[in-house]
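For reference, the structure is listed below as structure tokens.
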Amino acid sequence: MSSNQQNRFDRKSAHLPLPRFSPTRRRFLKTSAAIASGLALSNCARNLSNANTGSSPTGSPTDSATSASGKLYIYTWANYTDDELIKGFQEKTGIQVVADPFASNEIMMAKMQAGGGSAYSIIYPSDYTVIEMRESGMLTPLDHSRLQGLDTLKPKWQNPVYDRGNAHSIPAVWGTTGLIYDPQKVGKEIDGWSYIWDNRKSLTRQVTLIEDVREVMGATLRTLGYSYNTTNPDQIKKAYSKLVQIKPTIASFLTTGWEDQLASGDITISMVYSQDAIALIKEKPNLKYIVPKTGSSVWTDTMVIPKSAPNPDAAYAWMNYLLQPDVAAGLVERLGTATANQAAFDLLSPETQKDDRLFPTEAMLSKCEGVAPVPARITEVYDQYWTRLTSS
Amino acid sequence: MSTSTPSSPTLAEPLPTAPRGWHKLTRLIEPIVLLVPSGVWLLLLLVAPTLLILELSFIPGFRLGQPTGGYGIGNYLEIFRPIYFQVIWRSVLFAVGCTVTCMLLGFPVAYWIAVMAPPRWRNLLLVAFVLPLWTSSLLRAYAWITILRPSGSLNSLLSALHLPNQEWLNQTPAVYIGMAYSFLPYMVLILYASLEKLDKRLLEAASDLGATPQQTFWKVTVPQTLPGIAAGGLLVFITSLGEFVVPELLGGASSMTVSRLIYNQFLGATRNWGLGSSFSILMITGVSIAIALLLKYGDRDSALT
């Protein structure tokens, strides 16, 4: 009974054409979407009926999309689009845009693989998910002759490791993973992951970590001097043993939803994506975001066109629109999303260009790694340690 | 049967030639017509998906988009690892704790509404008690976060009263509080339905015969409402065993339950649909047993309210 209410609630939020929510509301919706899709799962029977009949737990607009050709459905992270962007695109092309948010790559993948995402012509997967989607044949190779402005991308993103030559994807937003904290509360500057281990006695339930196996294990591996992408089970085991030491400090594993607790001082430190940290610091300038000195992960969220896309023409139009330097620069200024577009970067104000939370220096980036897929048997090793960590 | 179908005689009497076979036919068709819609519904949306999960649960390590091996019982063997036992044990503990709390808190309320409150207020009181159910359980969980967080309303109140602050959020106490709050109305409703039928003459008779109020309660009231207690207890136990929202939002990093584990296997960080399915089957089996008990021992009339 109550789960029906959840779904109705979620359906409402998923259909909103993304007005600019206040960040609190946005966060609430993000978390609600995650919870509500989880609710659909807690009722196991309903879950597979969803997978089976191809209707999505978040109520995707499948039917209306395939018939309406002047509409573009995009599936993206919650704060990657705003009204201004969508309006500008509609004025230019006459195509109406509906943006549905997802809270994690995993949720997006589950929906796509279960057939619930056939309405979408543009999806925003992260780098390692691009590889996964490409390998399972879900992506259309991009026709570069239909795209203008690829040459204005920063050299690093002309030929990224996750997608050589941008054959299947275009970088949209990039950033790092790091720590956000209140320097006044902590009383000193934090410079790396080791702070949590050094102060684990006094940090009981004062830390939140990202709900992502590879990010959390990777950060720990990094403090031990290993790679984020190690395939050596011994090294993974060592990282697990080290992580167990700080289990009492972990209040919760949260990718979103930590913001209010951190802002109110209920928790001291959060491991977060730079994108989310910058959004919160805009409201709470007393907080500070750092990229740990031992190195961290650097990620890229991209735009792809799935094979099932009902409206690839509109998808190319969207990509071209976002490749325009002025549009991309406007997004950086409004939403605080770091662009991979050199021409757009050049348009930014000097303060924004020098903001090393948005655009980390080369010295910082040289210590960072991208999370890459590992073989299935190693994924299992990671998963087993993660389950042990989260279940104890 | 012929006497109990008042509509058919009018049809049958003017047509004395209509053979008894006609009767037989309607008797055959009637239940089919009545049962088919819900039958199809259940078959499509309950039986078929459950069978699918059953199939997935026998494919060890099934992950979407990856090649699968053959059938096997690997997923079920996995369940027997100590770490998962701990999770199952914790889920059961939460459910039992929630049931007991609801019983202790709900019985006096239901007793008061059903026996002691003025009759004309009863419906109003019941509605007032059930009113929270009209809001989303997600919102109610968020409300508890606001109350229980270290800088929340509870601690402001405790500070004002010069009492020590409590850090319950992201721990077990928050889960118990949130779950008991969620399921208390159900318990009260069922107990009320049972207590309402209580024969008050027996209470008077008991006190006439010299029983103390305690004796009356334990020897007259409780035995009469036992089916209601069983129904309420089992219903709350079943729903809280599968509860996802409260442990997920209030429980933090140290209260993994079976539902959260299943969620993680399907949509969360570790995506092993096979293992998730075997846990789902385990859960479905456990809940089915509880429902069988409910049907056998529960007060079915009050459980239906």
For residue A:298, distant residues with modelled amide H under 5 Å away: A:369, A:370, A:371
Phi-based couplings in Hz for region A:336-352 (Karplus 6.51, -1.76, 1.60; Gly and Pro marked x): x, 9, 6, 9, 9, 9, 5, 4, 5, 4, 5, 7, 6, 5, x, 4, 5
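Using a Förster distance of 22 angstrom, determine the FRET efficiency expected from the C-beta separation of residue B:104 and residue B:130, and round it to 0.05.
Numbers: r = 19 Å, r/R0 = 0.87.
So the FRET efficiency works out to roughly 0.70.
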Selected from A:268, B:280, A:98, residue furthest toward positive end of dipole (the protein assembly as shown; charges at beta carbon): B:280
Helical mean residue ellipticity (222 nm; -39500 (n - 2.57) per DSSP H run of 4+; nearest 500) of chain B: -21500 deg cm²/dmol
Burial order of peptide ranges B:255-267, A:348-360, B:32-44 (average beta-carbon count within 10 Å, highest first): B:255-267, A:348-360, B:32-44
At least 18 Å along the helix axis (C-alpha) and Kyte average at least -0.5, DSSP helices within chain B: B:20-42, B:82-111, B:172-196, B:222-241, B:273-297
Theoretical FRET efficiency, 1/(1+(r/R0)^6), r = Cβ-Cβ of residue A:198 and residue B:38, R0 51 Å, to 0.05: 0.25
Label-point separation, residue B:146 to residue B:214 (7 Å along Cα→Cβ), nm: 4.3
Averaged over A:317-326, number of beta-carbon atoms from partner chains that fall within 10 Å: 0
Label-point separation in nm, residue A:186 to residue A:83, each point 7 Å along Cα→Cβ: 3.7
Net charge, residue A:104 excluded, C-beta distance under 9 Å - Lys, Arg +1, Asp, Glu -1: -3
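Averaging over every viewing direction, what projected area does the convex hull of the Cα atoms of region B:74-303 cover, in nm²?
15.9
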Under 5 Å, built H, 5+ apart or other chain: amide partners of residue A:139: A:307
Two-decimal log10 I(q)/I(0) for the protein assembly as shown, as the Debye equation yields it once each C-alpha is a single scatterer, q = 0.05, 0.12 Å⁻¹: -0.29, -1.38
Other-chain or far-sequence residues with amide H under 5 Å of residue A:102's (modelled H): A:76, A:77, A:78
Net lengthening on full extension, residue B:199/residue B:224 (0.36 nm per residue, minus Cα-Cα): 8.1 nm
Shielding by partners, peptide B:130-136 (average Cβ within 10 angstrom, other chains): 2
Under the Karplus curve 6.51 cos²θ - 1.76 cosθ + 1.60, θ = phi - 60°, whole-Hz ³J(HN,Hα) for region A:293-304, x wherever Gly or Pro sits: 5, 6, x, 8, 9, 10, 10, 10, 9, 10, 10, 10
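Between residue A:156 and residue A:392, what is the FRET efficiency for a Förster distance of 51 Å, r being their Cβ-Cβ separation, to the nearest 0.05?
Result of the calculation: an efficiency of 0.80.
Quick note: the coordinates plus some simple rules give every number you see, no bench work behind them. Every value quoted in this text rests on a predicted model; they were computed, and no experiment measured them. No Cβ is skipped: glycine too gets one built from the backbone with ideal geometry, and neighbour counts run over all protein chains shown.
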